[in-house]
Structures are given as structure tokens and as C-alpha cells.
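Working notes, structure below.
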Amino acid sequence: MNGAIRPQSLRGGAIKPDLRDGQKVISFKEHLAKKEPTKFDSLISSGLLTQTELDTAITEAREKQREIESLLMERYKIAKKDIGESLSSFYKCPFVDFKDRIFIPPELVKNINLDYLKANYWIPLGQNGDTVEVLIEDPYSFQKIKDIKQVFPAMNIKFYVGLREDIRKIVNFVGAHLDRNAIKGSIAVILGELATADRERGEETTESLIDENDSAIVRLANRIIIDAYEAGASDIHIEPNSDKRETVIRFRVDGNCYEYQKIPPSYRRALSSRIKIMARLDIAERRKPQDGKIRFRMPDWEIELRVATIPTSGIGDEDVVMRILAASEPLPLDSLNMSERNLSKFKEILEKPYGIILCVGPTGSGKTTTLHSALGYLNDPETKIWTVEDPVEITQYGLRQVQVQPKIGFDFAAAMRVFLRADPDIIMVGEMRDKETCEIGIEASLTGHLVLTTLHTNSAVETVIRLLEMGMDPFNFADALLGVLAQRLARTICKNCKEQYRPTKEEYDSLARGYGEEASANFGTPYDDTFVLYRGKGCDVCKKTGYKGRTALHEMLVATDEIKRLIQAGATVAEMLKVAKEQGMTTLVQDGIIKCIQGWTDYKQVKAVAMK
């Protein structure tokens with residue numbers, strides 16, 4: 001072929017290449033047919049990547065001895081989902097991503113050397129009858145297929161394709177899980193050991209002589225943390241009930257608490273003291289609250305826990321609450337389940353060169369996750385981004401991330417003053433807790449910086465009033481404001497047991513009332529024979545609850561010229577809300593009802609998190 005490939009677009013739309021074979025113009029599809037197919041052809045044909053970019057990435061990956069998929073995600077901002085779709089298309093098998101709650105039957109891997117699996121980038125995922133499901137980096141590798149068939153003779157093999165990095169993580173996770181089960185034992189076994197030790201010592205008092213340094217207490221504390229992490233819990237609650245009743249341990253999963261275990265009251269102080277030692281707190285101080293952090297390490301993974309101890313009724317008793325801060329990668333902005341209008345408006349204000357964007361909601365409503373997704377959307381080599389957080393929960397390559405240290409006076413306001421001298425393009429502030437931080441944030445947004453931050457308020461419009469009540473100048477604030485995104489997290493219906501059902505007219509009318517009489521035209525779904533809602537029947541996957549996981553409900557207020565005028569004029573919440581709705585804003589409840597109709601959640605969950 002004598003001509004050259006000259007793509008007219010990098011990633012913004014369809015590629016229109018000028019491919020010439022002598023004097024004959026050929027299509028891009030015909031060009032691909034003339035060359036050897038590659039596993040990234042789908043990225044090129046869909047306009048996410050150019051051939052030149054791919055060639056450059058291949059060369060750089062070879063020179064730096066890196067995986068090309070990691071380089072494409074990092075340098076060219078190609079989403080893992082898109083790379084997975086390209087690999088799936090090429091290898092003609094499903095793509096599997098790493099999930100740190102993955103379960104692989106131990107009998108499938110117990111006789112396979114894990115170092116061998118890591119070196120060869122494959123691992124069995126499960127078995128269905130006489131078929132073994134195998135995750136592999138290259139399903140076309142003759143040697144690896146031969147090895148797999150030797151490990152699983154007389155079995156059919158169903159292949160899945162995955163990234164090398166994800167396969168390594170899965171192997172490491174499985175190895176750590178097997179080690180923990182072999183070494184640590186179940187919590188029932190540990191409690192049995194404690195009871196046996198007490199009997200051997202002839203304990204007759206309500207307080208055991210077993211202390212916080214006893215190996216069984218150490219393993220008990222570790223086991224609680226490990227089980228909470230594997231259950232997907234966000235919080236662990238240890239609740240003593242005097243020396244006569246058992247101490248209750250509860251986990252919060254998907255926003256709801258459930259009882260995990262009860263332990264004898266005689267071990268309550270030893271357990272709390274052990275956790276305080278892990279968090280480097282004063283074990284002798286039981287009269288006042290203490291705060292600390294635990295960095296919990298296993299051979300192949302690490303989590304951080306934020307610890308709070310609170311004195312409660314009973315002599316020397318104290319509750320312990322631990323929040324699990326599992327370091328993770330940011331979610332792509334398109335995967336936050338925003339409505340089309342909210343997503344387009346959010347992207348629109350993110351692309352502004354300066355101003356302030358607020359993400360608001362109660363504690364645990366996913367604000368930090370949303371802001372990190374926004375930063376992932378903005379993160380590129382030409383942009384300098386500083387973040388100040390308490391604590392740093394999500395890490396991103398390319399961001400300069402700072403954790404506040406209040407004990408030495410390094411708070412959010414102090415960090416922002418430093419950032420303004422460090423040549424930032426974008427600043428993310430974990431939380432605007434006081435007037436000084438708010439003022440610095442608004443000042444930064446008016447002097448050429450894009451500022452993203454969070455605030456604890458109930459709705460998007462109430463956020464504006466809250467900041468004005470904190471003493472912000474209405475004219476400066478109106479000039480700086482780009483938009484406010486309010487959100488909540490609602491439990492989602494379990495995908496494993498989700499079913500359709502025909503709701504009653506009363507249920508439909510309840511949805512319509514919740515959406516609002518004045519907005520009934522936007523409800524968009526009449527009550528007829530085709531109208532269905534969804535519910536979970538309850539299964540082992542969701543522990544018979546019918547719910548598994550959570551999704552976000554959003555309320556996107558865009559600071560239009562009319563909204564800015566209302567802010568400067570000191571308008572009420574009702575006045576601003578009326579104008580925002582006229583301009584297309586859907587409230588949290590309305591967004592939730594739309595997600596009910598789409599099958600994500602149900603009205604009960606929407607009312608639980610979004611209605612006052």
C-alpha cells in the first residue's frame with residue numbers, strides 16, 4: 001500500500017481516514033482486512049485511539065518493559081471497559097475484570113503453584129459440571145492451553161480474557177485468602193480457644209485474665225477485620241453491654257447494619273484494648289473519646305481503618321467504630337449511573353477553566369468517589385492537580401495528593417494556601433468545614449483555578465443558602481459557582497434474584513405523587529399493561545434481602561445566569577428550586593423514581609435516603 005493513514009480525529013468522534021491504494025480510495029474496514037488483526041483494532045475502529053497512538057504506545061511499552069494496556073489507560077485515558085471489549089472481540093470470549101470480593105473454590109487451586117499462575121497469567125475461576133472456567137491473558141497461546149489441559153485432563157475448558165495486572169491481583173487475593181483460612185481459623189474456633197483457656201485457668205469472675213496481648217485476642221481482632229473486608233462492609237461496630245450481657249459486633253454493608261457475631265462479655269476490654277494498640281491509642285484512657293488509624297497489612301493487600309472509641313454506660317466500657325478505607329482506583333465518570341442530562345451538564349462544567357463545583361450530601365453518600373471520577377476525567381499530563389483529603393481513600397497516578405494533619409495545624413485551609421503557591425490548574429478539597437476554607441476556595445476559583453469540593457448539606461439548592469449563611473459574599477460566590485451536585489446512595493435490587501412484577505394502581509399513584517404533580521408530564525410512563533417495576537425475591541447472594549450493592553441518586557444544579565442573579569438577590573430556597581426545575585433539574589426523589597422504573601432500585605429505598 002503506497003498511501004499513508006491520516007486520521008482526522010483523535011478520540012472525539014468517528015475516524016475518517018484517507019487511505020489510498022494507488023489512486024483507489026479504500027475504506028478503513030478494508031484497510032484493517034489487509035493487515036494482520038490485532039487485539040486493539042476495536043479501539044481504533046471506534047475512534048478511541050489512532051494507529052499512530054497505538055504504535056507509539058507499543059514502542060514505549062517495549063522500551064519501558066510495561067504492559068501496553070496499562071499504558072493505554074494511563075497515557076491515553078482509555079477506559080478499562082473499552083480495552084476489555086476490544087480484547088473480547090478479538091479473542092471471541094468474555095472479558096473479566098478484577099473484583100476484590102471474588103470467590104474461587106479452593107479445590108480448584110489447592111494443587112497448583114500460585115507463583116506458576118502469576119508467571120503464566122492464568123487462573124481457574126470456577127467449575128460448572130465438566131467445564132472449567134479459566135481466566136487467561138492470551139486465550140490463543142498454544143503452550144498455555146496445553147498446560148491447562150494437563151492440569152485439568154478430560155475437562156472442557158471455557159476461556160475468559162483478562163489483563164495481566166488483574167490476573168496477578170486475583171492470584172494474590174486467592175493466595176492471601178487461602179493463607180488466612182489455613183492460619184487464622186474461623187471466629188468460632190478462636191472463641192472456642194479463648195473459652196478453653198479460661199476453663200484451664202479456672203476463671204470464675206466476670207473479667208477474664210486474658211489480656212490484649214494474648215495470641216487468641218490478637219487473632220480475634222484480625223479475624224473481625226478480615227471478615228468485614230471480605231463481606232464488603234464499610235464500618236465495623238463493637239458494642240459492649242456491661243459485664244452481664246454479650247458484646248455485639250455489627251457490620252454495615254450497603255448502608256445497613258447487621259449482626260456479625262456476639263462474644264462473651266469477659267473479653268470486651270481485651271478486644272477494645274487490642275484495637276487501640278493497633279491504632280496507637282492510649283489503652284489506659286477509657287474516660288474520653290479517642291481517634292486513630294490502623295494500617296492493616298496482609299501478604300498481598302493492605303487496607304486502612306479509621307478508628308473511633310467512645311465511652312459508654314458501664315464501668316470502663318467503650319464502643320469502638322472502625323471505618324474501612326480500602327484504597328481503590330477511581331470509577332470512570334460514565335459508570336456513575338447519572339442521567340443523560342446530569343452527566344452532560346456535569347461534564348460541561350468540569351471543562352470550564354475556573355470556578356467552583358460542589359458535591360454535597362451526608363457522610364457516606366459517595367461524594368469523594370464522584371469527585372475522584374471527575375478528576376479522572378480531567379487528569380492528563382498537561383494539567384496539574386492538587387488534592388487535600390482526610391484521609392486519602394482513592395489514589396490516582398498523575399495527582400499530587402496530600403493528607404491533612406490537624407494535630408500539627410496542617411488543615412484544609414493551610415493546605416489550600418500552600419497549593420496556591422504550587423502552580424495548580426485544579427484543586428480538590430476533601431471538605432469545606434469552616435468559613436476560612438470556603439473563602440480560600442472561592443478566592444482560588446476567582447483567580448483562575450478550578451476547585452472541586454464537598455459539603456454536608458441536604459440538597460443542591462440548600463447548599464447555596466448554607467454557604468451564604470456561613471458569611472460568603474453573595475456576589476463573589478455567584479461569580480465563582482459553576483454547579484452543585486447533590487447525591488445519595490440507594491440500595492440496588494440484587495441482580496441474581498431480580499424479577500419484574502405488575503404494580504398496583506396505588507403503587508403507581510404513589511410514584512406519581514413522589515415525582516410531583518407539576519412534573520407529571522416528565523414522568524413519561526402511563527399506567528397500562530406494559531408498566532412494570534422490579535423487586536428482589538431474596539437469594540443466598542444477597543442474604544435473602546433482595547438487595548445487593550448501591551447506586552447513586554443525583555440532583556444537578558447548574559449555575560446559570562438566572563441562578564446567579566437569584567444568589568446575588570438573596571432569593572429563598574423555594575424561589576431557586578422553582579427556577580432550577582424550570583431549567584431541567586430533577587430532584588433526588590425524581591431521579592430515584594426514574595431509577596425505580598429502570599429497575600435499579602425500588603421506591604422504598606428512594607424514600608429511605610432521599611425524602612425528608
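Observations on the structure shown:
- Single residue of segment 234-252 satisfying the filter (more than 24 Å from GLU393 (Cα to Cα) and open to solvent by 70 Å² or more (accessible area, probe 1.4 Å)) that is modelled with the highest pLDDT: GLU246
- Residues satisfying the stated conditions in segment 537-558, i.e. buried (at least 22 other Cβ atoms within 10 Å of the Cβ), over 15 Å from VAL606 (Cβ atoms) and modelled with pLDDT of 85 or more: MET556, LEU557
- A residue that is closer than 29 Å to GLU302 by Cβ and among the aromatic types (Phe, Trp, Tyr) cannot be found anywhere in segment 139-148.
- Whichever residue in segment 358-393 is open to solvent by less than 10 Å² (accessible area, probe 1.4 Å) and out of contact with any Leu (no Cβ under 9 Å at 6 or more places or on another chain) and, among such residues, is farthest from ARG491 (Cα to Cα): VAL388
- Any hit, segment 280-289, residues being out of contact with any His (no Cβ under 8 Å at 6 or more places or on another chain) and not in a loop (DSSP other than H, G, I, E, B): no
- Counting residues in segment 343-352 that are over 29 Å from ILE597 (Cβ atoms) and part of a loop (DSSP other than H, G, I, E, B) gives one or more.
- Scanning segment 376-402 for residues that are among the acidic types (Asp, Glu), under 16 Å from LEU350 (Cα atoms) and either without any contact (Cβ under 8 Å) to a residue 24 or more places away in the chain or part of a strand (DSSP E or B) (or both) gives a single hit, GLU382.
- Unique residue being at pLDDT 85 or above and either of a type outside the set (A, V, I, L, M) or closer than 30 Å to PHE152 by Cβ (or both) when the list is SER27, SER88: SER88
- Single condition VAL532 does not satisfy, out of (1) touching a Lys or Arg at 6+ places or on another chain (Cβ under 9 Å); (2) surrounded by 14 or more Cβ atoms within 10 Å (Cβ to Cβ): (2)
- In the condition set (1) within 31 Å of the chain's Cα centre (by Cα); (2) over 23 Å from MET585 (Cα atoms), GLU506 is compliant with all but (1).
- Residue check, MET338 assigned to a loop (DSSP other than H, G, I, E, B), crowded, with 19+ Cβ neighbours inside 10 Å and touching a residue at least 60 places away in the same chain (Cβ under 8 Å): yes
- Subset of segment 542-557 that is more than 18 Å from the chain's Cα centre (by Cα) and hydrophobic (A, V, I, L, M, F, W, C) - its residue that is farthest from GLY366 (Cα to Cα): CYS542
- In this structure, GLU200 does not satisfy being modelled with pLDDT of 65 or more and either over 22 Å from PRO311 (Cα atoms) or in contact with a strand residue (DSSP E or B) (Cβ under 8 Å, 6 or more places away or on another chain) (or both).
- Residues in segment 579-610 that are under 17 Å from ASN458 (Cα atoms) and either among the small types (Gly, Ala, Ser) or without any contact (Cβ under 8 Å) to a residue 40 or more places away in the chain (or both): ALA580, GLY592, ALA608, ALA610.
- Residue check for ASP319: surrounded by fewer than 19 Cβ atoms within 10 Å (Cβ to Cβ) and assigned to a loop (DSSP other than H, G, I, E, B): no
- Tally of residues being surrounded by fewer than 12 Cβ atoms within 10 Å (Cβ to Cβ) and in a helix (DSSP H, G or I) across segment 559-577: 2
- Count of residues meeting criterion [closer than 12 Å to TRP386 by Cβ, part of a helix (DSSP H, G or I) and open to solvent by 60 Å² or more (accessible area, probe 1.4 Å)] in segment 403-439: 2
- Among the candidates ALA480, ALA486, residue that is crowded, with 17+ Cβ neighbours inside 10 Å and either touching an Asp or Glu at 6+ places or on another chain (Cβ under 7 Å) or among the charged types (D, E, K, R) (or both): ALA486
- Single residue of ALA231, ALA176, ALA182 found to be open to solvent by 60 Å² or more (accessible area, probe 1.4 Å), modelled with pLDDT under 85, small (Gly, Ala, Ser) and out of contact with any Ser or Thr (no Cβ under 9 Å at 6 or more places or on another chain): ALA182
- All conditions but one from (1) closer than 30 Å to ILE493 by Cβ; (2) at pLDDT below 90; (3) open to solvent by less than 60 Å² (accessible area, probe 1.4 Å) apply to MET585; the one that does not is (2).
- The selection criterion, being more than 30 Å from PHE98 (Cα to Cα), at pLDDT below 85, part of a helix (DSSP H, G or I) and open to solvent by less than 30 Å² (accessible area, probe 1.4 Å), does not hold for SER273.
- Of all residues making up segment 213-252, the number that are over 17 Å from ALA308 (Cβ atoms), out of contact with any strand residue (DSSP E or B) (no Cβ under 9 Å at 6 or more places or on another chain) and among the hydrophobic types (A, V, I, L, M, F, W, C): 3
- In segment 452-470, the count of residues that are touching a residue at least 12 places away in the same chain (Cβ under 8 Å), in contact with a Cys (Cβ under 9 Å, 6 or more places away or on another chain) and open to solvent by 10 Å² or more (accessible area, probe 1.4 Å) is one or more.
The values are calculated or read from the model by the stated rules, or taken from the named source; none is laboratory data. Remember, predicted model here, so these are calculated numbers, not experimental data. Don't worry about glycine lacking a Cβ; one is built from the backbone with ideal geometry, like all the others, and counts go over all protein chains shown. Ligands, DNA and RNA are stripped out before the accessible areas are found, and what is left, the full protein with its side chains, is counted by its heavy atoms. Shrake-Rupley method; radii C 1.70, N 1.55, O 1.52, S 1.80 Å.
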